[in-house]
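The values are calculated or read from the model by the stated rules, or taken from the named source; none is laboratory data. Owing to the predicted nature of the structure, the values given are computational and were not obtained by experimental measurement. Here Cβ is always computed from backbone atoms with ideal geometry, including for glycine, and neighbour counts include all displayed protein chains. We work out accessible area using only protein heavy atoms, side chains counted, and drop any ligands, DNA or RNA first. Shrake-Rupley method; radii C 1.70, N 1.55, O 1.52, S 1.80 Å.
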Amino acid sequence: MEKIECLIIGSGPAGYTAAIYAARADMKPVLYQGMQPGGQLTTTNEVENFPGYPDGITGPAMMVELEAQAKRFDSDIRFGFINKVDFSGDLHKCWTEDGHEIHAETVIISTGASAKYLGLESEQKYLSNGGGVSACAVCDGFFYRGQEVVIVGAGDSACEEAHYLSKLCAKVTMLVRKEEFRASKIMSDRVKKVHNIEILFSTETLEVLGDGDVVTGVRAINTATKEEKTIPCTGFFVAIGHQPNTDIFKDYLHLDETGYIKYEEPGTSKTNVPGVFVAGDAADKTYRQAITAAGTGCMAALDAERYLAAKH
Ligand code: NDP
């Protein structure tokens, strides 16, 4: 059993920023990187909207830099993941996948969220090679300026992202699998009014088409008429929701109906368990940006430091 002051779970911008702040405050943080070291940004190509990188940087390169910055202040960065917690006592018990037990005075949860994908082989192919599949219009829309794109989804995110893309792209085709939107009326009405957004209801994606390197179109089917069509495009955006990685905390922390951790005190990183803080996408279904995750990572480390100072 290992006793520590600060355990950080997760290694996206939220976790690494928390580690930088916690280490500089001499809390000797231990950070477990989780299943996908570097988090969602490692599946992004170019990051152009993180301040401080005037020429842009790739997502994986940025995460290598954040990790190096955290290590510079002696954060203990470990490969592996936490798969069980017990937040019922004063010390927070956490276990790694190989059974190592950690008792932490403070825990910063930065486990993030995972974008949902359709699961088509062709979609995964052009996602993994950076050839034109994305789950984040704000991150990647800029690369499709003046081009035609397709977006799948019918919720508030899909409407918001379609609207965002319509300002950059020549044409946006929205594929909605049912006969109606799930999004709120105000959001769906907004996209219906935009001249360069075409909405195809009762339409499902069959295949993302490409030349082997980049996306060239989408083959879709109208499920009512069974008619198939090919829609030319260079970008395929998936906006069918995110899944926060919060399952192991559900017995102890207050989650909302979709699994996001609730902040106990708005404007802070506090959860309902004293000494347990949350940063990044595990509690954020609205902004989901690297810079907002980094900002809340900083808040969590400062809140943890103040919690320890008050306790000792
Ligand atoms: P939602 O879960 O609300 O919507 C997901 C959408 O994806 C649904 O329309 C669903 O279709 C569709 N979908 C799921 N699987 C597939 C599939 N395999 N093929 C095609 N379509 C699929 O997720 P969101 O990310 O949109 O929103 C999450 C939460 O965040 C919501 O509470 C939302 O209100 C909120 N939000 C609010 C915003 C705002 O107010 N500005 C902005 C963004 C999000 P179907 O309807 O057929 O089930």
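Of the residues making up the stretch 172-205, those that are open to solvent by 60 Å² or more (accessible area, probe 1.4 Å) and either touching a Cys at 6+ places or on another chain (Cβ under 8 Å) or within 18 Å of Leu120 (Cα to Cα) (or both) are Arg177, Arg190, Glu204.
Counting the residues of the stretch 261-302 that are in contact with an Asp or Glu (Cβ under 7 Å, 6 or more places away or on another chain), buried (at least 22 other Cβ atoms within 10 Å of the Cβ) and charged (D, E, K, R) gives 0. Taken over the stretch 137-153, the criterion of being touching a Ser or Thr at 6+ places or on another chain (Cβ under 8 Å) and modelled with pLDDT of 95 or more is satisfied by Tyr144, Gln147, Glu148, Val149, Val150, Ile151, Val152. Taking the residues in the stretch 243-267 that are within 15 Å of Ser110 (Cβ to Cβ) and within 13 Å of the ligand (Cβ to nearest atom) as candidates, determine which candidate is nearest to the chain's Cα centre (by Cα). It comes out as Pro244. Selection of first residues in the stretch 268-288 that are within 13 Å of the ligand (Cβ to nearest atom) and charged (D, E, K, R) and of second residues that are modelled with pLDDT of 95 or more and part of a loop (DSSP other than H, G, I, E, B), restricted to Cβ pairs under 7 Å at least 6 apart or on distinct chains, gives the following pairs, ordered by first then second residue: Asp281/Gly112; Lys285/Tyr260.
Modelled with pLDDT of 95 or more and in contact with a Ser or Thr (Cβ under 9 Å, 6 or more places away or on another chain): is that true of Val47 in this structure? No: the conditions fail for Val47.
Taking Lys167 as the residue in question, decide whether it is surrounded by fewer than 17 Cβ atoms within 10 Å (Cβ to Cβ), within 15 Å of Phe237 (Cβ to Cβ) and over 22 Å from the mean Cα position of the chain (by Cα). Here the answer is yes, as Lys167 does meet what is asked. Is it the case, given these coordinates, that Lys193 is more than 16 Å from the ligand (Cβ to nearest atom) and on the phi < 0 side of the Ramachandran plot? When the stated conditions are applied, Lys193 passes them.
Within the stretch 211-241, the set of residues being outside any strand (DSSP E or B) and either within 27 Å of Phe143 (Cα to Cα) or of a type in the set (Phe, Trp, Tyr) (or both) comprises Asp211, Gly212, Asp213, Val214, Cys233, Thr234, Ala239, Ile240, Gly241.
Is it the case, given these coordinates, that Ala304 is of a type outside the set (Val, Ile, Thr) and within 16 Å of the ligand (Cβ to nearest atom)? Answer is no for this residue. Screening the stretch 242-254 for residues that are assigned to a loop (DSSP other than H, G, I, E, B) and touching a helix residue (DSSP H, G or I) at 6+ places or on another chain (Cβ under 7 Å) and picking the one that is most open to solvent (accessible area, probe 1.4 Å) gives Asn245. Filtering the stretch 106-135 to residues that are over 18 Å from the mean Cα position of the chain (by Cα), open to solvent by 20 Å² or more (accessible area, probe 1.4 Å) and either away from the ligand (no atom under 16 Å from the Cβ) or free of Cβ contacts under 8 Å to residues at least 12 places away in the same chain (or both) leaves Glu121, Lys125, Asn129.
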